[in-house]
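Below: the structure, in C-alpha cells.
The values are calculated or read from the model by the stated rules, or taken from the named source; none is laboratory data. Computed from a predicted structure; not experimentally measured. Cβ atoms come from the backbone with ideal geometry, glycine included; neighbour counts cover every protein chain shown.
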Amino acid sequence: MTRVTKHAIGNYVPDFVCIKKKLIIELDGSQHWEQTEHDEERTAYLQSQGYKVIRFWNNAVMKDIEGVMLAIQNEIKEMH
C-alpha cells in the first residue's frame, strides 16, 4: 500500500506527499493567483529533490473529485 502524508521537504510542507512514488499533490486556492512566483520557486525546488509535482485547484477537487483522482492515477501509471 502506498502512503500519502504530510512531510517536510526542505523548508516546504506540501499538501500531500507520496515518498515511495516521489509524488507531490498540491491543492491551490485563490491565494495562489497572487503568489505564482513563490509557487514556481517551490515547485522548482521540489522537482530538484526528485519529486513530480501536480497541482489542482480547490474548486476542481470540490466539483470533480473523480476527475482529479483519475488524473492522479494516470500520473502514477506514467511514472512506472
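Working only within the range 7-44, note down all residues that are assigned to a helix (DSSP H, G or I) and either out of contact with any Phe, Trp or Tyr (no Cβ under 7 Å at 6 or more places or on another chain) or at pLDDT below 90 (or both). Within the range 7-44, 30, 31, 32, 33, 36, 37, 38, 39, 40, 41, 43, 44 qualify. Within the range 55-71, the set of residues being among the basic types (Lys, Arg) and under 22 Å from residue 42 (Cα atoms) comprises just one member, 55. Restricting the range 40-53 to residues that are surrounded by 15 or more Cβ atoms within 10 Å (Cβ to Cβ) and of a type in the set (A, V, I, L, M, F, W, C) leaves a set whose member that is farthest from the chain's Cα centre (by Cα) is 46.
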